[in-house]
Amino acid sequence: MDHFDRIDGALHAEAAPLEAIAEAVGTPVYVYSTATLSRHYRLLREAVEAHRPALGGSSKDGALIAFAVKANSNLSVLATLARLGCGADTVSEGEIRRALKAGVPGERIVFSGVGKTDAELAFAIEAGVRQINVESAVELDRLIAVAAAKGAAPEIAIRVNPKIGAGGHARITTGGATDKFGVPAEEAPALYARAAASPHVTPVGLACHIGSQITTLEPLEAAFRALREMTLGLRADGLAVSRLDLGGGLGVPYHGQTDLPSIADYVAMAARVLDGLGVEAAFEPGRLLAANAGVLLSRVIQVNARSDGRRFLVLDAGMNDLMRPALYDAFHEVVPVRARAGEAGPYDLVGPICESTDVFARERQLPPLQAGDLVAFMGAGAYGAVLASEYNSRPLVPEVLVDGDRWAVVRARPTYDEMWAREPKADWLG
């Protein structure tokens, strides 16, 4: 569910007309709904609380929900979730800093990622993050050295690669045998024991994340069961395991599907698998909270009609603004902000970028459209603006946050002078 509805025939974000936002800010522009972000977080929080005995361990706060900052790192989006009590799953020093600046306390920040530098590990220790998810033996050795130099013993989890890959596309699968993420399951227990033997790290749990846009519960359940069995094995060896980080990955209905697992079913499955373990679970949703909370507004530049009947709808948004279709063939519903009367027909939706991959959709059925019309890419709140660039020297796409009938620009489109100011000429060029 989202809060983008038609009022008097025109699409609104909550009570704010998208036409007015486009007129004031220009296009392309991302628009986010506070109500949708809040609703999705609360649905997940309520589901988790309903299973507190199985998922909360001994923590007075219950299971942790840590938003995957890589999905949408806008400070106002993060602050909106932080005010609701949401934590943050981060994969760089920059993301940790963003989470802290947005009001997420260090004890609700998880630091993941396959390529953490020594400087980033040191910063995470200094920031007092909840845990560092270690992804390899060599990373553990480097973290021990960094922590020893600081006289610290940060809490860590070993990220396990259970060889269960899943996701909506091969490029968003992260738990398969050939994926770069995590410690192979057969090596994880020995690495956990090695960590427990060091005075400079404190192993507290296991973590996994097998992919993104997963549309069935079976692969997730298999991964969670693998963590359960490993937990029991480690405890049998006398090692303490108090946390299980379950990652994220539950899919959202980009195609308007109605048969996807619900948040309630997903959490109930996790509770069933973890029941009796006495561990504190962590969930790291990104897309689940943010995707349907955002749209990308774009304006039609022109319609190129060819003699063979093909019609190219040329938009002012390009693949540099919304990378997902070019990157992994992602689908986004596209709707006119104000629909014209007439019979729907096929369009190829393309952008202005000088690349043949700058195509959003082929032969998409849409109502009649013409130059100047506004369209909205739905479900664009996750992995949209965060992947945007200034390719072709196009100014970075701005972002707007809506709350009821009020809205604010929460990242401005840079001017050309601001873009040039970031690139001072070499002294010898004058």
*According to the square roots a ≥ b ≥ c of the eigenvalues of the Cα gyration tensor, what is the shape class of the chain, taking rounded for a/c under 1.5, prolate for a/b larger than b/c otherwise, and oblate for the remainder?*
prolate
*asked:* Checking the a/c ratio against 1.5 first, then a/b against b/c, what shape does the Cα gyration tensor give for the stretch 350-409?
replied: oblate
*Using Cα pairs under 8 angstrom and six or more residues apart, how large is the relative contact order of the chain, in percent?*
20 percent
*What do you reckon, how do 315, 232 stack up by accessible area (1.4 Å probe), largest on top?*
232, 315
_Residue of 13, 153, 197 that the Gaussian network model of the chain assigns the largest fluctuation, springs spanning Cα pairs under 10 Å_ = 197
*For residue 58, tell me the accessible area in Å² from a 1.4 Å probe, rounded to the nearest 10.*
120 Å²
*Could you give the distance between the Cα centres of the stretch 1-35 and the stretch 81-130, to the whole Å?*
31 Å
*Separation in nanometres of the label points that stand 7 Å from Cα toward Cβ, at residue 42 and residue 19*: 3.1 nm
*Compare 192, 266, 416 in a GNM of the chain, Cα atoms joined below 10 Å, and give the one with the largest fluctuation.*
416
*Any idea of residue 117's accessible area? Nearest 10 Å², probe 1.4 Å.*
70 Å²
_Estimated FRET transfer efficiency when R0 is 22 angstrom, pair residue 193-residue 155 (beta carbons, to 0.05)_ = 0.85
*Of the heavy-atom accessible surface of the stretch 18-130 (probe 1.4 angstrom), what whole percent is carbon and sulfur?*
50 percent
*Cα-based shape type of the stretch 90-167, given that a ≥ b ≥ c are square roots of the gyration tensor eigenvalues and the cut on a/c is 1.5*: oblate
*asked:* Report the gain in length on full extension from residue 338 to residue 101: 0.36 nm times residue separation, minus Cα-Cα distance, nm rounded to one decimal.
replied: 81.5 nm
*Which ³J(HN,Hα) values in Hz, rounded to whole numbers, follow from the phi angles of the stretch 154-163 under the Karplus curve 6.51 cos²θ - 1.76 cosθ + 1.60, where θ = phi - 60° and Gly and Pro get x?*
x, 6, 9, 10, 8, 7, 9, 9, x, 6
_Linear extension gain, residue 365 paired with residue 391, 0.36 nm per residue minus alpha-carbon span_ = 6.5 nm
*residue 301 - accessible surface, heavy atoms, 1.4 Å probe, Å² rounded to 10*: 80 Å²
*Using θ = phi - 60° and the Karplus relation 6.51 cos²θ - 1.76 cosθ + 1.60, list the HN-Hα couplings for the stretch 322-334 in order, rounded to whole Hz, with x at every Gly or Pro.*
9, 7, 4, x, 6, 6, 8, 6, 5, 9, 10, 5, 10
*Could you look at the stretch 235-310 and say what percent of its accessible area is carbon and sulfur, using a 1.4 Å probe and all protein chains?*
45 percent
*Taking 7 Å along the Cα-to-C-beta vector as the label spot, tell me the residue 355-residue 138 distance in nanometres, rounded to one decimal.*
2.9 nm
*Determine the relative contact order of the stretch 36-168: mean sequence separation of Cα pairs under 8 Å and six or more apart, normalised by residue count, in whole percent.*
16 percent
_Heavy-atom accessible area ranking, 1.4 Å probe, most first, across 237, 141, 2_ = 237, 141, 2
*Which value in deg cm²/dmol, rounded to the nearest 500, describes the helix-derived mean residue ellipticity at 222 nm for the chain, given -39,500 (n - 2.57) per DSSP H run of n ≥ 4 and division by the residue count?*
-8500 deg cm²/dmol
*In a Gaussian network model over the chain where Cα atoms closer than 10 Å are linked, find which of 243, 194, 159 has the largest mean-square fluctuation.*
194
*Taking all protein chains together and a probe of 1.4 Å, list 428, 407 from the most accessible to the least accessible.*
428, 407
*What accessible area per residue, rounded to a whole number of Å², is obtained for the stretch 283-430 using a probe radius of 1.4 Å?*
47 Å²
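The values are calculated or read from the model by the stated rules, or taken from the named source; none is laboratory data. What you are looking at is a predicted structure, and each value in this text was computed from that prediction instead of being measured. Ideal geometry is used to build each Cβ from the backbone, glycine not excepted, and the neighbour counts take in all protein chains shown. Accessible surface areas use protein heavy atoms only, side chains included; no ligands, DNA or RNA. Shrake-Rupley method; radii C 1.70, N 1.55, O 1.52, S 1.80 Å.
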